[in-house]
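Structure first, commentary second.
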Amino acid sequence: MSEVTEPYAPGRPCWFDMTVREPEPVHAFYRHLLGWEFEDSEWRYHQATIRGKAVAAISTGEPEDDSHWTIYLATRDTAATARAVEAAGGKVIKEPHDVPGGTMAIVADPTGGYFGLWQGDSFDGSELVNEAGAPCWAEASSKDTKAAGKFFATVFGLEAKRPFPKYSYVQLRAEGTEVAGILGYSHEGRPKKGHAAWLVYFQVDDTDVAVRVATEHGGTVVEKPEDSPFGRMAVLADPAGARLAVIARPAK
């Protein structure tokens with residue numbers, strides 16, 4: 001069990017949501033794949049929960065383009081961070097505004113990837129992480145990992161490091177702890193612009209079983225299961241077309 005009991009530090013992925021036109025098949029997909037339950041809401045914004053703890057949300061409506069997961073990075077001051085985004089060469093796509101639970105904005109890094117800013121008031125973000133069904137990692141894909149890494153380091157005070165000298169992959173670290181990653185051209189199929197440039201990873205007990213369950217409930221396989229130093233992973237698309245990764249981490 002990994003319950004979040006403290007506010008997220010600036011720059012850490014803290015919340016995940018998306019908008020879909022037809023919620024029923026998408027809800028069913030995540031119920032079977034990740035064990036989520038969905039809370040009723042008069043706002044058509046349905047929080048997904050595990051044991052009553054919020055992990056993500058799916059809104060019913062008309063997405064601006066296709067359905068994609070939006071990854072929100074924590075901030076103590078949405079307005080100030082939005083200004084820092086622009087000063088570092090990024091763009092503000094949706095200006096900071098209040099919503100139930102806090103203040104949000106949608107911004108883009110200089111290489112074109114969209115992400116959210118979240119300043120929690122009564123709600124800090126995902127209440128469970130790093131366990132089956134819950135988010136455990138997030139990474140952006142970028143045409144220029146060095147420029148993207150410098151941007152996130154500048155805006156959020158993170159450290160951008162290349163842990164694998166032969167690869168362009170960049171890890172973003174806060175006080176020595178890895179919080180997110182930036183993937184380069186090693187995966188040509190990953191979108192590098194818009195909301196789809198960011199990929200959320202959800203932890204599962206068995207990646208191959210998860211892939212089978214996903215395909216049985218309307219999902220498709222984007223990247224087949226493969227082993228990595230961090231666990232066995234796969235990239236899927238849900239019935240609405242939103243991409244997500246699943247990973248079974250090695251036992252400690």
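Using the structure shown, decide if residue 48 is open to solvent by 10 Å² or more (accessible area, probe 1.4 Å) and at pLDDT 95 or above. Judged against the criteria, residue 48 is not a match.
Each residue in the range 137-167 was checked for being closer than 23 Å to residue 79 by Cα and open to solvent by 70 Å² or more (accessible area, probe 1.4 Å), and 3 pass.
If you check residue 108 against the conditions, is it touching a strand residue (DSSP E or B) at 6+ places or on another chain (Cβ under 6 Å), open to solvent by less than 40 Å² (accessible area, probe 1.4 Å) and over 22 Å from residue 38 (Cα atoms)? Yes: the conditions hold for residue 108.
All told, residue 197 meets the bar of being in contact with a Pro (Cβ under 6 Å, 6 or more places away or on another chain) and of a type in the set (A, V, I, L, M).
Considering only the range 205-217, I want to know if a residue exists there that is outside any strand (DSSP E or B), open to solvent by less than 50 Å² (accessible area, probe 1.4 Å), touching a Lys or Arg at 6+ places or on another chain (Cβ under 6 Å) and in contact (Cβ under 8 Å) with a residue 24 or more places away in the chain. Explain how you work it out, then say what you get.
Within the range 205-217, the subset outside any strand (DSSP E or B) is 205-217.
Retained after the next criterion (residues that are open to solvent by less than 50 Å² (accessible area, probe 1.4 Å)): 207, 210-211, 213-214.
Subset that is touching a Lys or Arg at 6+ places or on another chain (Cβ under 6 Å): 207.
Add one more test, that the residue is in contact (Cβ under 8 Å) with a residue 24 or more places away in the chain, and what stays is 207.
The answer is yes, given that some residue of the range 205-217 is outside any strand (DSSP E or B), open to solvent by less than 50 Å² (accessible area, probe 1.4 Å), touching a Lys or Arg at 6+ places or on another chain (Cβ under 6 Å) and in contact (Cβ under 8 Å) with a residue 24 or more places away in the chain.
Answer with yes or no whether residue 166 is over 16 Å from the mean Cα position of the chain (by Cα) and farther than 21 Å from residue 142 by Cβ. Before you say what the answer is, go through the steps one by one.
On the way: over 16 Å from the mean Cα position of the chain (by Cα): yes; farther than 21 Å from residue 142 by Cβ: no.
So residue 166 does not fit the description; no.
As a summary of the residue check, residue 26 satisfies the conditions (1) surrounded by fewer than 20 Cβ atoms within 10 Å (Cβ to Cβ); (2) touching a residue at least 40 places away in the same chain (Cβ under 8 Å); (3) on the phi < 0 side of the Ramachandran plot except for the one numbered (1).
Is there a residue being open to solvent by less than 10 Å² (accessible area, probe 1.4 Å) and either at positive phi or in a helix (DSSP H, G or I) (or both) anywhere in the range 32-39?
No: zero hits.
Among the residues of the range 88-102 satisfying the criterion of being open to solvent by 100 Å² or more (accessible area, probe 1.4 Å) and in a strand (DSSP E or B), which is nearest to residue 59 (Cα to Cα)?
Initial filter on the range 88-102 (open to solvent by 100 Å² or more (accessible area, probe 1.4 Å)): 91, 95, 98, 100.
Of the ones still in play, those that are also in a strand (DSSP E or B) are 91, 95, 98.
Details: 91: 24, 95: 20, 98: 17 Å.
Looking at the filtered set, the residue picked out is 98.
Every listed requirement among (1) more than 22 Å from residue 3 (Cβ to Cβ); (2) open to solvent by 10 Å² or more (accessible area, probe 1.4 Å); (3) assigned to a helix (DSSP H, G or I); (4) in contact with a helix residue (DSSP H, G or I) (Cβ under 7 Å, 6 or more places away or on another chain) is met by residue 85 save one, (2). Check whether at least one residue in the range 161-168 is touching a residue at least 12 places away in the same chain (Cβ under 8 Å), closer than 25 Å to residue 207 by Cβ and assigned to a loop (DSSP other than H, G, I, E, B), and report yes or no. Checked the range 161-168: at least one residue is touching a residue at least 12 places away in the same chain (Cβ under 8 Å), closer than 25 Å to residue 207 by Cβ and assigned to a loop (DSSP other than H, G, I, E, B). With respect to the conditions (1) acidic (Asp, Glu); (2) open to solvent by 60 Å² or more (accessible area, probe 1.4 Å); (3) within 30 Å of residue 62 (Cβ to Cβ), residue 223 lacks only one, and its number is (2). Within the range 30-49, residues that are of a type in the set (Val, Ile, Thr) reach partners that are buried (at least 19 other Cβ atoms within 10 Å of the Cβ) with beta carbons closer than 8 Å, at six or more positions or on different chains, in the pairs 49/36; 49/55.
Scanning the range 72-82 for residues that are open to solvent by less than 40 Å² (accessible area, probe 1.4 Å), closer than 19 Å to residue 125 by Cα and out of contact with any Asp or Glu (no Cβ under 9 Å at 6 or more places or on another chain) gives 73, 75, 78, 81. Entry remark, the range 121-136: residues being under 18 Å from the mean Cα position of the chain (by Cα) and either more than 17 Å from residue 71 (Cα to Cα) or open to solvent by less than 40 Å² (accessible area, probe 1.4 Å) (or both) number 11 in total.
The values are calculated or read from the model by the stated rules, or taken from the named source; none is laboratory data. Keep in mind the model is a prediction, meaning the values are calculated, not measured. Counting neighbours? That spans all protein chains shown, and the Cβs are built from the backbone with ideal geometry, glycine included. For the accessible areas, the whole protein counts, side chains as well, though only heavy atoms, and no ligand, DNA or RNA atoms are used. Shrake-Rupley method; radii C 1.70, N 1.55, O 1.52, S 1.80 Å.
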